Amino acid sequence: MNHKKLVIIAIIAVAAASVAYYLYLRSRNVDLIIHNGIVVTMNPHLAQEEQIIPHGAVAIRGDSIVAVGATDTITKKYSAKELIDAQGNAVLPGFVNGHCHAAMTLFRGVADGHDLNDWLTNYIFPIEREFVNEDFVYWGTKLSCLEMIAGGITTVVDMYMYEEFAARAFAEMGMRAIAGQTIFKEHDIESATALIKKWHGHKLITPAVAPHAPYTVSQELLIQAHNLAKKYNTPLEIHLAETAHEVDIIKKEYQATPVAYLEHINFLTDRLIAAHLVKVDDHDINLLKKHSVGVIHCPVSNMKLASGIAPIEKMIVDGLHVGVGTDGAASNNSLDIISEMQTAALLQKVATMDPKSLDAHQSLTLATIGGAQAIHQGHVIGSLEAGKKADIVIIDLKGFHSMPWYNILSQLVYSSAASDVETVIINGKIMLHNKKFLYPQAELDSIREHTKDYQIKIASFLAKTNRARRSK
Ligand SMILES: [Zn+2]
């Protein structure tokens, strides 16, 4: 081998070693490490006791989780630009709110004490006709983001009119969302198509098609909505089997339960996210399972509208993916997912008269990995695992109402509150830190001002309509 060849080989060797060293260094550098916390991974591939790391850490690079493990191991292996000390706190996957009408936050508490049919027909539809437009949806959705993020929600499945403006609000607020255009009438299909084309491929927003319910949308339109979702490979959302009233209407018209009716028109698919499922029989549950439909349980809304109790214990045992949702703030009246999973845990025990029903781990599953799977995003979010998106919530366990504690799962489900949420990270970005939002103050002021303006207008409308009702 001549001298020239040796020199070339040496240069190549040095270059290769430099690249390898650079890659090694790069693999050690991360953007953020959360350490010293009680890490509750909710990793479904591990046994329940292995999902809890008592002195754990999570390493994040860009928008993703790089590693999860013991603090010693993670801090030895990685060096971070930023550290969050989670001493005395629990570190969990961000919560999934599986069913919401975010903009309706501006209608919080406008009509209490009615069943779904009365509430919708005589209170909600009239007030929506009066107020809902692009501006309302934009500001109502922004307000909802503040409430949801402050309570640890990092992903929401939304369904409303003018959803383009909800999608804008979610994106600007840095919230992960499935944004579903509600379908009532033919022209809503055009809005849904435009929404899908505009937001397809966005890092946080997944556009979706959301026909309201089997009893409020024609069969032809349900089929069109389904075809649209299929054509563009988007999620499909619907309210389903929410009340006995709905079951009566569908049975009368189609001689089938709402779930069986939807199966008959080929509407049930593994892209469907169905909310409520209060009034379902064993055959309905089999159909939902057969078509891998995701189920969202909304216990507070179902209780408040006196709709009933969804048999989610049975659905979970039967292998369905079940999440939890707040529904809109007009039927809840808050967007508090910690309270929602507590309610789910308690209500299911009453429904079955079995205190073992829906234990703390199952309840926490509803708001995390179960919810992620129910909205068909279990491969992306819902647990703390390397490769998943960095959607993380840190919960303060140092409050007097949190001490002492002996079982972290029981503590989180039965004793923690939304106000314990200390830090929230969505897609690798810190949104709330030490219970303070990181948005510019002007943005927060603007949301407050717009909310006040709507409150004045809506209060005046309510006074007028209540007077008219009383004089009848
Ligand atoms: Zn709803």
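The table below lists the values:
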{"read-out": "Residue order, fewest to most beta carbons within 10 Å, for PHE95, PHE170", "value": "PHE170, PHE95"}
{"read-out": "In degrees, nearest ten, helix 244-254 long axis to first principal axis of the chain (Cα)", "value": "80 degrees"}
{"read-out": "Positive minus negative residues near ASP391 (Lys, Arg vs Asp, Glu; Cβ under 15 Å)", "value": "+3"}
{"read-out": "Anisotropy class of segment 398-472 from Cα gyration tensor, a/c 1.5 cut", "value": "oblate"}
{"read-out": "Footprinting exposure proxy for MET159, MET353 (fewest neighbouring C-beta atoms within 10 Å first)", "value": "MET353, MET159"}
{"read-out": "SER64 long-range amide H proximity, modeled H, under 5 Å", "value": "ALA390"}
{"read-out": "Rg/Rg_ref, segment 325-472, where Rg_ref = 2.2 N^0.38 Å and atoms are Cα", "value": "1.33"}
{"read-out": "Nearby lysines by direct alpha-carbon distance to LYS251 (threshold 17 angstrom, same-chain neighbours under 8 apart not counted)", "value": "LYS279"}
{"read-out": "Fewest-first sequence of LYS464, LYS230, LYS472 by Cβ atoms within 10 Å of each Cβ", "value": "LYS472, LYS464, LYS230"}
{"read-out": "At 1.567 mPa s and 4 °C, Stokes D of segment 15-170 from Kirkwood alpha-carbon radius, µm² per second", "value": "68 µm²/s"}
{"read-out": "For segment 386-448 and segment 272-345, distance of Cα centres in Å", "value": "24 Å"}
{"read-out": "Charge dipole (the chain, unit charges on Cβ, about Cα centre) - positive-most of VAL66, ILE375, SER18", "value": "SER18"}
{"read-out": "³J(HN,Hα) computed for each position of segment 85-99 - Karplus, 6.51 cos²θ - 1.76 cosθ + 1.60, integer Hz, glycine/proline x", "value": "8, 9, 3, x, 10, 9, 10, 10, x, x, 7, 10, 9, x, 7"}
{"read-out": "Point-charge dipole on Cβ atoms (K/R +1, D/E -1) for the chain, about Cα centre, debye to 20", "value": "1240 debye"}
{"read-out": "Rounded to 5, percent antiparallel among DSSP beta bridges of the chain", "value": "40 percent"}
{"read-out": "Helix-only mean residue ellipticity at 222 nm for the chain, each DSSP H run of n ≥ 4 adding -39500 (n - 2.57), per residue, nearest 500", "value": "-13000 deg cm²/dmol"}
{"read-out": "Reachable aspartates and glutamates, given that their alpha-carbon falls under 16 Å from the alpha-carbon of LYS289 and they are not under 8 places away in the same chain", "value": "GLU263, ASP270, ASP281, GLU313, ASP318"}
{"read-out": "Ordering of 274-284, 22-32 by burial proxy (mean other Cβ atoms within 10 Å per residue, highest first)", "value": "274-284, 22-32"}
{"read-out": "Degrees separating the helix 163-173 axis from the principal Cα axis of the chain, which is the longest one", "value": "40 degrees"}
{"read-out": "Count of Lys pairs (Cα-Cα under 28 Å; at least 8 positions apart or interchain) in segment 411-472", "value": "5"}
{"read-out": "In order through segment 152-158: 3J(HN,Hα) via Karplus (6.51 cos²θ - 1.76 cosθ + 1.60), integer Hz, x for Gly, Pro", "value": "x, 7, 10, 10, 10, 9, 10"}
{"read-out": "Global geometry of segment 329-388, whether rounded, prolate or oblate, following the gyration tensor of its Cα atoms and the 1.5 cut on a/c", "value": "oblate"}
{"read-out": "Between helix 441-470 and the chain: long-axis angle, C-alpha atoms, 0 to 90°, nearest 10", "value": "10 degrees"}
{"read-out": "The chain: equivalent-ellipsoid semi-axes (sqrt of 5 x gyration tensor eigenvalues, Cα, Å)", "value": "41, 25, 24"}
{"read-out": "Test item: Cα-centred dipole of segment 86-176, Lys/Arg +1 and Asp/Glu -1 on Cβ, debye", "value": "360 debye"}
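Every number in this text was worked out from the coordinates using simple rules, so none of it is lab data. All values reported here derive from a predicted model rather than from experimental measurement. For neighbour counting, all protein chains shown are included, and Cβ atoms are generated from backbone atoms with ideal geometry for every residue, glycine included.
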